[in-house]
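Visitor: Here it is: the structure, laid out below.
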2 protein chains.
Amino acid sequence: MTILDFVRIVLSHTSHPGNIGATARAMKTMGLHTLYLVNPKHFPNEEANARASNAMDILQHAITCESLDQSLIDTVFIAAITARPRGLSHDVFDARQGAKELLYYALRQQPVALLFGRENSGLTSEEVSKCQIIIRIPSDPDCSSLNLASAVQIMAYELRMGLSENSAFTRTNNSPANFNEIEALYTHLEELMIDSDFLDPQKPKLLMQRIRRLFSRARLEKEEVQILRGILSALAKHSN
Amino acid sequence: MTILDFVRIVLSHTSHPGNIGATARAMKTMGLHTLYLVNPKHFPNEEANARASNAMDILQHAITCESLDQSLIDTVFIAAITARPRGLSHDVFDARQGAKELLYYALRQQPVALLFGRENSGLTSEEVSKCQIIIRIPSDPDCSSLNLASAVQIMAYELRMGLSENSAFTRTNNSPANFNEIEALYTHLEELMIDSDFLDPQKPKLLMQRIRRLFSRARLEKEEVQILRGILSALAKHSN
């Protein structure tokens with residue numbers, strides 16, 4: 001396994017199979033191999049195969065999922081590729097800096113994901129809320145409609161480039177919490193908030209999104225998730 | 001005219017018209033507009049139009065030439081994009097450094113050209129001999145067959161990046177919580193943790209430090225502190 005094998009490319013709800021093939025080729029030229037497809041419209045498909053050229057092996061090993069959550073299992077860090085500005089926004093990195101953030105974990109053999117949305121409408125807010133950061137690929141403000149496989153190509157290129165540079169920053173060495181653990185924390189917290197009448201499930205507003213955003217910036221560690229859940233359990237028990 | 005309008009993309013003997021359209025789109029998203037085609041096999045062409053998406057104007061203004069020399073007229077600096085090692089070698093730059101070399105002239109309003117060869121065989125030695133430098137786009141040694149439009153995409157991206165080297169990373173613009181607000185949050189949380197027997201004040205261990213560390217990474221905003229304290233109050237009230 002190489003470093004770049006820890007980077008998962010996740011395409012959500014792709015309409016045009018040609019883009020899936022072109023994505024596989026874009027990945028392979030830069031040394032990426034791990035492709036997840038969430039509800040692709042047409043796959044497997046002849047046009048995908050044609051555009052994949054000599055990257056057929058990536059298509060053959062691609063993992064098709066019925067839900068986004070399935071495709072993100074075990075990843076410790078997820079970046080959303082999006083061109084649109086977001087109201088409740090995450091930290092935004094450009095392609096180069098974003099690639100470095102991903103490599104930070106991949107170099108430590110922790111799985112990470114790069115999430116790409118639909119060709120026409122991009123990622124939904126709910127999809128973005130599962131991610132820790134947003135990556136925006138620079139483009140001409142007058143024409144920002146980058147083709148899906150082109151966006152993958154640029155990110156794959158920056159990941160490859162980033163490998164050959166020294167990373168200029170260090171972080172603590174603790175184990176990052178993974179997707180499943182973090183989602184379980186959110187579920188736990190949400191239940192308690194509803195039980196204690198802080199959150200009205202009929203009028204949830206943006207509360208859970210705000211909380212996701214806060215904790216995504218923190219990049220929770222395993223042990224921290226345990227502590228937070230311990231606190232929640234203690235508070236809940238005490239209230240009975 | 002913008003700086004990037006001084007950068008000419010020259011495609012020599014392109015076989016697949018889809019690649020010409022995808023090239024136009026790749027250029028336009030990054031703010032390039034000047035396309036020269038040397039003896040394209042099929043052009044104008046429906047597939048080219050389809051792949052161009054909203055970059056039809058670039059195809060319409062593309063200049064078709066019968067010889068390479070014609071396409072390079074008036075340029076002061078030409079870079080050959082090639083993956084193969086060359087016997088009689090030029091200076092070789094990677095995509096990022098090569099883009100900077102091109103921008104050096106473009107910033108002084110001098111026309112420059114980026115020359116791309118045939119899909120299967122690349123540039124001939126004679127074509128390369130018309131250029132000042134070779135640019136090699138990094139790729140996996142096991143699979144270096146980058147798609148033509150993908151190669152254009154990466155170079156166009158690096159040209160755009162080279163124009164704006166600053167601003168790699170922006171944070172959201174919300175008001176950060178101040179020291180007093182954050183300390184009040186910690187006090188509030190600590191009290192509840194003690195009340196619910198999660199934290200033994202006789203044996204506090206490193207718990208509060210862990211929590212401080214977590215939230216300091218998040219760089220809390222004012223509103224987020226309010227939300228967190230609201231949750232704590234609700235949980236505490238519920239327990240009475």
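Visitor: Of all the accessible heavy-atom surface of the stretch B:3-163, with the other protein chains kept in place and a 1.4 Å probe, what percent is carbon and sulfur?
Guide: Carbon and sulfur together cover 47 percent of it.
Visitor: Right, another one. Could you work out the helix-only [θ] at 222 nm for the protein assembly as shown, with each DSSP H run of four or more residues adding -39,500 (n - 2.57) and the total divided by the number of residues, to the nearest 500 deg cm²/dmol?
Guide: -14000 deg cm²/dmol
Visitor: What accessible area per residue comes out for chain B, rounded to a whole number of Å², with a 1.4 Å probe? Mind showing how you got there, number by number?
Guide: On the way: 11740 Å² over 240 residues.
Ligands and nucleic acids excluded, the result is 49 Å² per residue.
Visitor: Size of the dipole of the protein assembly as shown about the Cα centre, Lys and Arg at +1 and Asp and Glu at -1 on the beta carbon, nothing else charged, in debye to 20? Don't skip to the end; give the middle numbers.
Guide: Values: 50 positive and 54 negative charges, 114 e Å.
Around 540 debye, computed over the protein assembly as shown.
Visitor: I would also like to ask the following. Suppose the Debye formula is applied to equal point scatterers at every Cα of the stretch B:179-238; what is log10 I(q)/I(0) at q = 0.13, 0.24, 0.28 Å⁻¹?
Guide: -0.34, -1.08, -1.28
Visitor: Which listed residue (B:Ser53, A:Gly18, B:Tyr186) has the Cα farthest towards the positive end of the charge dipole for the protein assembly as shown, taking +1 on Lys and Arg C-beta and -1 on Asp and Glu C-beta about the Cα centre?
Guide: Looking along the dipole axis, the top candidate is B:Tyr186.
Visitor: How big is the accessible area of A:Cys65 in square angstrom, nearest 10, if you roll a 1.4 angstrom probe over the protein chains?
Guide: 10 Å²
Visitor: Now for a different question. What residue among A:His42, A:Thr82, A:Gly162 has its Cα farthest toward the positive end of the dipole of the stretch A:3-163, where the charges are +1 on Lys, Arg and -1 on Asp, Glu, each on the Cβ?
Guide: Value: A:Gly162.
Visitor: If the label for B:Asn178 sits 7 angstrom from Cα along the Cα-to-Cβ line, what are its distances to the same label in every other copy, in nm to one decimal, shortest first?
Guide: 4.4
Visitor: Size of the dipole of the stretch B:128-237 about the Cα centre, Lys and Arg at +1 and Asp and Glu at -1 on the beta carbon, nothing else charged, in debye to 20?
Guide: The dipole of the stretch B:128-237 has a size of about 300 debye.
Visitor: Continuing with this model, one more query. Taking each residue in A:59-72, count the Cβ atoms of any other chain within 10 Å of its Cβ, then average. What number comes out?
Guide: On the way: counts 0, 0, 0, 0, 0, 0, 0, 0, 0, 0, 0, 0, 0, 0.
Across A:59-72, the average partner-chain Cβ count within 10 Å equals 0.
Visitor: Evaluate peptide A:193-200: per residue, the Cβ atoms of other protein chains within 10 Å of its Cβ; return the mean as an integer.
Guide: Working: counts 5, 0, 3, 9, 3, 9, 3, 0.
For this peptide, the per-residue mean of nearby foreign Cβ atoms is 4.
Visitor: To the nearest 100 Å², how much accessible surface do chains A and B hide from each other in total, with a 1.4 Å probe? Provide the component values of the computation, followed by the final result.
Guide: Details: alone 12770 and 14580 Å², together 21710 Å².
Summing both chains' loss of accessible area gives about 5600 Å².
Visitor: Between copies, how far apart are the B:Ser233 label points? List them in nm, one decimal, shortest first, with each point 7 Å from Cα toward Cβ, please?
Guide: 2.9
Visitor: For a test of understanding, tell me how many lysine pairs in chain B have Cα atoms under 28 Å apart, given they are 8 or more places apart or on different chains. Numbers along the way, then the final one.
Guide: Values: B:Lys28/B:Lys41; B:Lys28/B:Lys100; B:Lys28/B:Lys130; B:Lys41/B:Lys130; B:Lys100/B:Lys130; B:Lys203/B:Lys237; B:Lys205/B:Lys237; B:Lys222/B:Lys237.
Close lysine pairs found across chain B: 8.
Visitor: While we're on this one: About the Cα centre, and with charges only on the beta carbon of Lys, Arg (+1) and Asp, Glu (-1), how big is the dipole of the stretch A:5-85? Nearest 20 debye, please. Kindly include the intermediate steps, with their values, before the conclusion.
Guide: Numbers: 6 positive and 7 negative charges, 60 e Å.
For the stretch A:5-85, the charge dipole is close to 300 debye.
Visitor: Also, I was wondering about something else. Length gain on complete extension for the stretch B:Arg118 to B:Gln209, per 0.36 nm per residue less the alpha carbon to alpha carbon distance?
Guide: The B:Arg118-B:Gln209 span can extend by a further 26.7 nm.
Visitor: Seen from all sides and averaged, what is the projected area of the convex hull of the Cα atoms in chain B, in nm²?
Guide: The orientation-averaged projected area of the Cα hull of chain B comes to 20.9 nm².
Visitor: Hey, another quick one. Taking the alpha carbon gyration tensor of the protein assembly as shown, what are the square roots of 5 times its eigenvalues, largest first, to the nearest whole Å?
Guide: On the way: eigenvalues 488, 94, 76 Å².
Sorted largest first and rounded, they come to 49, 22, 19 Å.
Visitor: Turning to a different aspect of this structure: Can you list, shortest first in nanometers, how far B:Glu46 lies from the same residue in the other copies, with each label 7 Å from Cα toward Cβ?
Guide: Here the equivalent label points are 1.7 nm apart from this one.
Visitor: Let me ask something else about it. Accessible surface of B:His16 in the full protein assembly, 1.4 angstrom probe, to the nearest 10 Å²?
Guide: Near enough 100 Å² of accessible area.
Visitor: Could you give the angle, 0 to 90 degrees to the nearest 10, between helix B:222-238's Cα long axis and the longest principal axis of the Cα atoms of chain B?
Guide: Helix B:222-238 sits at roughly 40 degrees to that axis.
The values are calculated or read from the model by the stated rules, or taken from the named source; none is laboratory data. Only a predicted model underlies this, so the values are computations on that prediction, with no experimental measurement involved. Positions of Cβ are backbone-derived with ideal geometry, glycine not excepted, and every protein chain shown enters the neighbour counts. The protein model used for the area step is the full one, side chains on, heavy atoms only, and it has no ligands, DNA or RNA in it. Shrake-Rupley method; radii C 1.70, N 1.55, O 1.52, S 1.80 Å.
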